[in-house]
Amino acid sequence: MSFNHKDLLGLEHLDKKTLQIILDTAKPFKSLFTRSVKKTPTLIGKTVATLFYEPSTRTRTSFEIAAKRLSADVVNVAINTSSVVKGESLIDTGKTLEAMKADYIIIRHSLAGAPDMLSRNLNASIINAGDGFHEHPTQGLLDLYTIYEKKKKIEGLKVLLVGDILHSRVAKSNIWALTKMGAEIAVSGPPTLIPSCIESLGVKVYYDLDKAVKKADVVNILRIQLERQQENLFPSVHEYVELYQLTKERLAIAKSGVMIMHPGPMNRGIEISSDVADSINAVINEQVTNGIAVRMAVLYLLKPKRKNVFSD
Ligand code: CP
């Protein structure tokens, strides 16, 4: 097994073999959760710093739990009360953490490419926890793991992503990873929220959600980013709900074993109805649990303090 990456910046440049190594590594970490002693000494003496310039519940907490289960020390930088508010640059903040011997820096930032910039300037392993509209690689990996765990395969599955594909870093990481693993990807949403070039990635586009839902083995519902509604990318939330909410009526026309996913946070009653979110088809809580296993695998596999061999 060969894994020589210093950083995890995205899934676009990871090959199928590398993705499979991460999935295979996550599996024993998941079984660790069922034991009474949930910790392993793997990263004892290592320091993990989280640097979140945007809000997060799942990703930051999940990384913290994952790092603690591997016995690392964890430092959460509170951006609002840090020297960032005095104008400190991202690189200087990163170098400050590295001077304190942080081995891993987990960063979420509104600017696409911010994790890449840190990776080029630091020896610590940089993990992208979501950068702008670019990628959210550990979300893509936990989605991949959840599909693999439940469906026992990925090759040949029809995976439908619904909603705001244009602004979704989760959608991009899902598309890169699932395509490499042999899934057939389709997207559905308003034309203004579907990137015009998406078909060149081998992705099918459906503006009619009912048609798309009938064919899918897995439906991954994306959050409607209400904060972007001021850009008038769809006429109204009411119209979005009519055309694109996954309702129990739409679930009824889907295949019986269809798997419903959502990366969270959910807008219940907008992109997904509450009864669908709480239905037996939904694996939303399992996704959260699997996030810890996948993030443990990523922390375990990455090699800090080596020259960056992942990004060119
Ligand atoms: N899925 C996800 O990234 O959730 P958070 O924003 O809560 O981290």
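The values are calculated or read from the model by the stated rules, or taken from the named source; none is laboratory data. It should be emphasised that the depicted structure is a prediction, and the values quoted were computed from it without experimental measurement. Please note: Cβ atoms are built from the backbone with ideal geometry, for glycine as well, and neighbour counts cover all protein chains shown.
Just one of (1) closer than 29 Å to MET266 by Cβ; (2) touching a residue at least 12 places away in the same chain (Cβ under 8 Å); (3) out of contact with any helix residue (DSSP H, G or I) (no Cβ under 7 Å at 6 or more places or on another chain); (4) not hydroxyl-bearing (Ser, Thr, Tyr) fails for PRO55. It is (2). Applying the condition of being farther than 21 Å from LEU157 by Cβ and loosely packed, with under 14 Cβ neighbours inside 10 Å to the stretch 253-284 and asking which residue is nearest to the ligand (Cβ to nearest atom) yields PRO265. Return the only residue of ARG120, ARG108 being basic (Lys, Arg), within 16 Å of the ligand (Cβ to nearest atom) and touching a residue at least 12 places away in the same chain (Cβ under 8 Å). One residue alone meets the criteria, ARG108. The number of residues in the stretch 5-32 that are over 17 Å from the mean Cα position of the chain (by Cα) and buried (at least 19 other Cβ atoms within 10 Å of the Cβ) comes to 3. With the structure loaded, tell me whether LYS86 is basic (Lys, Arg), at pLDDT below 95, farther than 15 Å from ILE107 by Cβ and assigned by TED's automatic domain parsing to the domain that holds ALA99 or whether it fails that test. It is true that LYS86 is basic (Lys, Arg), at pLDDT below 95, farther than 15 Å from ILE107 by Cβ and assigned by TED's automatic domain parsing to the domain that holds ALA99. Could you list, in sequence order, the residues of the stretch 191-245 that are part of a helix (DSSP H, G or I), at pLDDT below 90 and under 23 Å from the mean Cα position of the chain (by Cα)? If the condition is that a residue be part of a helix (DSSP H, G or I), at pLDDT below 90 and under 23 Å from the mean Cα position of the chain (by Cα), then LEU226, GLU227, ARG228, GLN229 are the ones that fit. Of the strands (runs of 3 or more DSSP E) lying entirely inside the stretch 33-139, the ones with 1 or more residues being surrounded by fewer than 16 Cβ atoms within 10 Å (Cβ to Cβ) are found at 73-77. Residue-level analysis places ARG60 among those that are of a type in the set (D, E, K, R) and within 15 Å of ILE105 (Cα to Cα). Within the stretch 133-168, the set of residues being within 16 Å of the ligand (Cβ to nearest atom) and either in contact with a His (Cβ under 7 Å, 6 or more places away or on another chain) or among the aromatic types (Phe, Trp, Tyr) (or both) comprises PHE133, TYR145.
Within the stretch 150-167, take every residue that is touching a Lys or Arg at 6+ places or on another chain (Cβ under 8 Å) and at pLDDT 95 or above and give me the one that is nearest to THR25 (Cα to Cα). Residue satisfying both the conditions and the ranking: LEU157.
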